[in-house]
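Below is one structure, written out as structure tokens; comments come after it.
All of the numbers you see were taken from the coordinates with simple rules; none came from a lab. Fair warning: this is a prediction, and the values are worked out from it, not measured in the lab. Every residue, glycine among them, receives a Cβ derived from its backbone with ideal geometry; neighbour counts consider all protein chains shown.
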Amino acid sequence: MSTPPSHPHARRIRPVLATAAASALLLTAACAGGEAAEDAPEVAAVIDEERCETNQAAGTITYITGYQYQASVSILEAVAADALGYFEAVCLDVEIQPGSGDTIGNSQLVSAGTAHFTSLGNEAEVLQANDAGHNVVGVATYGHVPIASLLTGTDIKELKDLEGTTLGHKGMLPAPLEAMLVADGVNLDDIEIVEVGYDPSVLPRDQVQALTAFRSNEPFLLADMDEDYNEWLPEDYGIVGSFGVMATNPEWADENPTVVEDYLRALSQAFTYCQDNGEECVGYAAELAEAGYDVDHNLRIWNAESELVNASTPDDSTVGYIDLSLTEAEGRTLVDNGQLDKLPDVEPLFDPRYLEAVHVATEVSWPGQ
């Protein structure tokens, strides 16, 4: 649907499910690897014997997802890399554990060495985790726009129309959305801000007049209900943000550089594969989740988020690249909103070397491809 003419940033939309294309991938071998998933492309090891032995010596590598087996960027790639045999191709034994959505709690497990990798919601969470005393470092950032958006009824023509209304959130008002409202001159004291949970139907039922959302989730659910809405995006107001951050323990990473590099190598290869084979990759997640997994909705999540990754990645940059100037801007939003007391030095908290080591220009290095 077209944007209402009354305001340039209101987006009245009903998302459409993209279809996944099919393609074949043939990889050749350098040393022995394990069995790939049924019906998946045959994959054998792509690193030399010495590096293979180094990776195997690290033992089982535990990855905790951000939230269950949801087909979000940074989660689905790991599930697919395991199912397709990409981890075995770089001689890694990876155990995937479903997270509960408590990403800061997951960062504590990584800091303690109980787990080795986890997906965080954005770069701000890396800053917040370290501020809470959890020693983690971001090694890849896939999305460079805020994943949060604000949904309103179609009668809201500009954000100041929200003054005197009720805004619902899932636990807290996301920093990019608060910054967006402030940037547009909205008086937050004139809005009743309440917690409403995860059911987006509160918006069309007019229990709230605005609702915080993940732009890869609630918009689709409202479209399924055949409901119209306006969507407001923070980047339209100059607000920066991110999503899909892979984090690890910096001390462990220093001790196991090839493991971190090859873990990211497998994720990068899986991202490329799943772009053309989204339905297959989501199917691997469904197998892990077993009963109750909504394949169609999760495919929409993957398509939406992977498209945002591509759209927010410059042509001369690697998918997953880290831009510390954007990180600092995102951190300043936290400070401005009182979620951090001060902006830390962000450089020690993000390390792009591991991702850069397994790419040539913007393409993942996958020998024999």
Exercise for review: Could you work out the local net charge near residue 354, counting Lys and Arg as +1, Asp and Glu as -1, over the other residues with Cβ closer than 12 Å to its Cβ?
Suggested key: -3
Practice item. Report which label in [x] 17.7; [y] 20.6; [z] 19.3 holds the value of mean projected area of the Cα convex hull in nm² derived from the coordinates of this structure. Key: [x]
Study note, to complete from the structure: Under the helix-only model (-39500 (n - 2.57) for each DSSP H run of 4 or more, divided by the residues of the chain), the mean residue ellipticity at 222 nm, to 500 deg cm²/dmol, is -10500 deg cm²/dmol
Check your understanding: Which one of 200, 90, 64 is farthest out on the positive end of the charge dipole of the chain, using unit charges on Cβ (Lys, Arg +1; Asp, Glu -1) and the Cα centre as origin?
Key -> 200
**Study point:** Positive minus negative residues near residue 180 (Lys, Arg vs Asp, Glu; Cβ under 10 Å)
**Key:** -4
Check your understanding: Got a sec to turn the phi values of the stretch 171-187 into Karplus ³J(HN,Hα) couplings, 6.51 cos²θ - 1.76 cosθ + 1.60 with θ = phi - 60°, whole Hz, x for Gly and Pro?
Key -> x, 6, 6, x, 3, x, 6, 4, 5, 4, 4, 5, 4, 8, x, 7, 8
Check your understanding: In the neighborhood of residue 59, defined by Cβ-to-Cβ distances under 13 Å, what is the net charge if each Lys or Arg adds +1 and each Asp or Glu adds -1?
Key -> -4
Exercise for review: Place a +1 charge on the Cβ of each Lys and Arg in the stretch 127-211 and a -1 charge on the Cβ of each Asp and Glu, then give the dipole magnitude about the Cα centre in debye, rounded to the nearest 20.
Suggested key: 360
Review point. With the chain treated as a Gaussian network of Cα nodes joined by springs under 10 Å, which of 148, 223, 140 yields the largest mean-square fluctuation?
Key: 223
